[in-house]
1. If you average the sequence gap of Cα pairs under 8 Å that are 6 or more apart and divide by the length of the chain, what percent do you get for the contact order?
2. Could you order ARG83, ARG107, ARG138, ARG32 by accessible surface area, starting with the largest, using a probe radius of 1.4 Å?
3. Between ASP86, ASP129, ASP141, where does the largest GNM mean-square fluctuation fall for the chain, given springs only between Cα atoms within less than 10 Å?
4. Please report the carbon-and-sulfur percent of the accessible area for region 84-171; probe 1.4 Å, protein heavy atoms only, DNA, RNA and ligands left out.
5. For region 3-50, divide the Cα radius of gyration by the Kirkwood radius and give the resulting Rg/Rh value with two decimals.
6. When Rg is the radius of gyration of the Cα atoms in region 89-160 and Rh is its Kirkwood radius, what does Rg/Rh come to?
7. Among VAL121, MET38, VAL69, which residue has its Cα furthest toward the positive end of the charge dipole of the chain, with +1 on Lys/Arg Cβ and -1 on Asp/Glu Cβ?
8. Just to check I understand the Karplus step: with θ = phi - 60° and J = 6.51 cos²θ - 1.76 cosθ + 1.60, what whole-Hz values come out for region 88-103, glycine and proline as x?
Amino acid sequence: MYLLLYDETPAHKANFLKLAEEGFFDSTAFHRVIKNFMIQGGDPNSKPGQDNSKAGLGGPGYNVPAEFVAKYKHIKGALAAARQPDQANPKKESSGSQFYIVHDPNRCKHLDGQYTIYGQVIQGFEVIDKIAEVPVNRRGDVPIEPVYMTISVEKMSKKKITKTYNYTWPE
């Protein structure tokens with residue numbers, strides 16, 4: 001998958017780039033997969049050799065303040081920050097590392113304005129689809145076989161992104 005990160009969510013963009021450049025995400029798994037909803041990853045507890053039963057609870061030890069931008073919606077391929085529920089997190093601060101990518105082809109309107117969207121998949125939607133198809137446990141959201149990731153960073157101008165990926169920036 002190729003993702004772009006939005007300038008309008010500077011704290012989330014900077015945090016994701018920092019973690020990616022440090023290799024924080026490498027060998028973490030998509031620990032939560034719900035077909036026609038989303039795929040979630042970025043938890044260090046999901047790495048090989050860790051107590052994977054704690055996947056979904058880990059992170060780098062900090063949160064990122066919410067950065068809601070109304071023009072960004074939970075469309076297929078949206079990259080958004082996971083977070084704790086409102087009761088434990090009334091400011092809706094984002095997890096320091098956990099993220100999800102929307103799989104729902106019809107959007108997840110109910111999540112708009114509730115979770116920070118800070119990027120978008122611009123190529124590789126078929127990878128989202130393949131991950132969403134993996135067999136999951138009886139609970140219905142934990143892959144039976146882990147799907148691990150490696151994230152690398154390539155910095156490009158908006159003009160080059162538009163030309164290379166035929167991407168239209170939201171108004």
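1. Over the chain, the number comes to 30 percent.
2. Listed by decreasing accessible area, they come as ARG138, ARG32, ARG107, ARG83.
3. Comparing ASP86, ASP129, ASP141 in the GNM, the peak value goes to ASP86.
4. Exposed carbon and sulfur together represent 51 percent of the surface.
5. My calculation puts Rg/Rh at 1.03.
6. On the way: Rg = 15.0 Å, Rh = 15.2 Å.
Using Cα coordinates only, the ratio equals 0.98.
7. VAL69
8. Once rounded to whole Hz, the list reads 8, 8, x, 7, 6, 5, 7, 4, x, 9, 6, 9, 9, 10, 5, 9.
The values are calculated or read from the model by the stated rules, or taken from the named source; none is laboratory data. All of these numbers come straight from a predicted model, not from anything done at the bench. Positions of Cβ are backbone-derived with ideal geometry, glycine not excepted, and every protein chain shown enters the neighbour counts. Side chains are part of the model used for accessible areas, which takes the heavy atoms of the whole protein and leaves out ligands, DNA and RNA. Shrake-Rupley method; radii C 1.70, N 1.55, O 1.52, S 1.80 Å.
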